[in-house]
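Here is the structure we will look at.
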Amino acid sequence: MTIIIFLGSLMAAMAVGVPIAFSLLLCGAALMWHLNMFDAQILAQNLLEGSNSFPLLAVPFFMLAGEIMNAGGLSRRIVNFAMALVGHVKGGLGYVTIVAAVIMASLSGSAVADAAALTALLLPMMVAAGHDKGRSAGLIASAGIIAPVIPPSIGFVIFGVAANVSISKLFMAGIFPGLMLALSLVGTWWWLARKEHITPPPRKNLAEVLEAMRLATWALVLPFIIVFGLKFGVFTPTEAAVVAAVYSLFVSTVIYRELNFKKLVPLFVTAAKTSAVVMFLVAAAMVSAWLITVANLPAQVVALLEPLLDSPKLLMFAIMVLVIVVGTALDMTPTILLLTPVLMPVVKAAGIDPVYFGVLFIINNAIGLITPPVGTVLNAVAGVGKVSMDEVTKGVVPFMIAQFAIMFLMVLFPQLVMVPARWFY
């Protein structure tokens, strides 16, 4: 009955158009009423406590870093460097998109910001070269979702806080899977573009490649600072977010000189607004998470899934299918916050490594950003690129299938995640 009230109140609120954060609060109030413990003061206390977390400070700083990098010239120089490297091969603009997405993913951790920047920079070039607009937009959208997997990742920060799992270990464990997602896009793009008769731009000579690398060096250094800083304990993930924001601010204003005070103010306002939405969502979800624990919902879910506890791979397969279904209706952050407190006891009972589960959980949620009808990244690409949702959705399907295939391959072979992760630790 408790599960029915929890899900029923949440879905009913969302069905009538209540924003997700307020739907979560209404769901929490319904659970409190059902448990005969309704108290508005307790509701307010848990709401405040939900966002009172030091690790969550990483979210606004990563948001700010992404805004600064896109407006300050870092993203453009990364694209130019990728163009100099692989732009000359057949279907080169597609490979440029993937290479640029991987580099940008290691800078900001925001799928929407990366996808929007790549769309603005590369989609017009791909269309002008003769590539199908919908397919190109689909590639950009699927490349953008690498950002929540390769560190630094906002998704890993939120999951780490909700699940009480080491964020540094999640960051390190996400590197190799993120690269595998990129390789799946490379293979899919090669297969789709092999029959196109498009003349690629001329090959850049060594001097031009080195010049493009020199211009992008300041942007390319940041991923190494973050990864090595985390690996050797120089700073925490939260401090890494501050480093990313300050570094990108310094490079954009002092080195590249593309930002001044007047241009900075709107960037700070935009980052603050986006962060406020995310943090309020986190706070509201923490109320529901607390009530889920009080109502003993995790134990009920464990009991339901008890037949699968002896088969971790089968259990993981079932969980991944569940997350896929939920991801078609909910955005990444609410999915993480809603399902984490319910699924973590099941995962621990089955003896599944929490870091391994976290990586696959975030990959699944990241792919959910390009699954219609709610796919946030799809909407961002469609809006920035002035492409219809139907075209983007059709174009993203082959790439989405390839990424799901990689995810389920990791379900079958956990070593693909854990062996490289232990090396990065």
Does Ile362 satisfy the condition of being under 21 Å from Val59 (Cβ atoms), part of a helix (DSSP H, G or I) and touching a Pro at 6+ places or on another chain (Cβ under 9 Å)?
yes
Taking the condition assigned to a loop (DSSP other than H, G, I, E, B) and within 25 Å of Glu391 (Cβ to Cβ), does Thr188 pass?
no
Would you be able to say whether some residue in the stretch 373-386 is buried (at least 22 other Cβ atoms within 10 Å of the Cβ), touching a Phe, Trp or Tyr at 6+ places or on another chain (Cβ under 9 Å) and among the hydrophobic types (A, V, I, L, M, F, W, C)?
no
Go through (1) buried (at least 18 other Cβ atoms within 10 Å of the Cβ); (2) in a helix (DSSP H, G or I); (3) not hydrophobic (A, V, I, L, M, F, W, C) one by one and return the number of the condition Glu211 breaks.
(1)
Quick one: count up the residues across the stretch 275-307 that are modelled with pLDDT of 75 or more and either charged (D, E, K, R) or over 30 Å from Leu56 (Cα atoms) (or both).
1
Test of understanding: among Phe361, Phe317, which residue is within 24 Å of the chain's Cα centre (by Cα), surrounded by fewer than 21 Cβ atoms within 10 Å (Cβ to Cβ) and in contact (Cβ under 8 Å) with a residue 60 or more places away in the chain?
Phe317
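Residue-by-condition table, conditions (1) over 24 Å from Ala163 (Cα atoms); (2) of a type in the set (Gly, Ala, Ser):
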{"position": "Met11", "(1), (2)": "no, no"}
{"position": "Ala21", "(1), (2)": "no, yes"}
{"position": "Leu24", "(1), (2)": "no, no"}
{"position": "Leu31", "(1), (2)": "no, no"}
{"position": "Gln45", "(1), (2)": "no, no"}
{"position": "Gly66", "(1), (2)": "yes, yes"}
{"position": "Asn80", "(1), (2)": "yes, no"}
{"position": "Gly87", "(1), (2)": "yes, yes"}
Do we have Pro223 as in contact with a His (Cβ under 6 Å, 6 or more places away or on another chain), surrounded by fewer than 24 Cβ atoms within 10 Å (Cβ to Cβ), farther than 15 Å from Asn365 by Cα and not aliphatic (A, V, I, L, M) here?
no
Out of (1) surrounded by fewer than 18 Cβ atoms within 10 Å (Cβ to Cβ); (2) within 30 Å of Asp353 (Cβ to Cβ), the odd one out for Ala402 is which?
(1)
Single match in Val86, Val102, Val96 (criterion: within 26 Å of Ala271 (Cβ to Cβ) and at pLDDT 80 or above)
Val102
Going through the stretch 58-85 in order, the residues found to be more than 23 Å from Arg257 (Cβ to Cβ) and surrounded by fewer than 22 Cβ atoms within 10 Å (Cβ to Cβ) are Pro60, Leu85
Could you identify the single residue in Met32, Met69 that is hydrophobic (A, V, I, L, M, F, W, C) and within 28 Å of Ala117 (Cβ to Cβ)?
Met69
Being outside any helix (DSSP H, G or I) and among the β-branched types (Val, Ile, Thr) is the filter; apply it to the stretch 122-173 and report the residue that is surrounded by the fewest Cβ atoms within 10 Å (Cβ to Cβ).
Val165
Glu67: within 30 Å of Val243 (Cα to Cα), touching a Ser or Thr at 6+ places or on another chain (Cβ under 6 Å) and charged (D, E, K, R), yes or no?
yes
Which residue out of Glu239, Glu196 is under 30 Å from Ser53 (Cβ atoms), of a type outside the set (A, V, I, L, M, F, W, C) and out of contact with any Phe, Trp or Tyr (no Cβ under 7 Å at 6 or more places or on another chain)?
Glu239
Hey, any hits in the stretch 98-105 for a residue that's touching a His at 6+ places or on another chain (Cβ under 7 Å) and buried (at least 24 other Cβ atoms within 10 Å of the Cβ)?
no
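The values are calculated or read from the model by the stated rules, or taken from the named source; none is laboratory data. Note that the coordinates shown come from a computational prediction; the quantities given were computed from them, not determined experimentally. Using ideal geometry, Cβ is built from the backbone for each residue, glycine included, and neighbour counts are taken over all protein chains shown.
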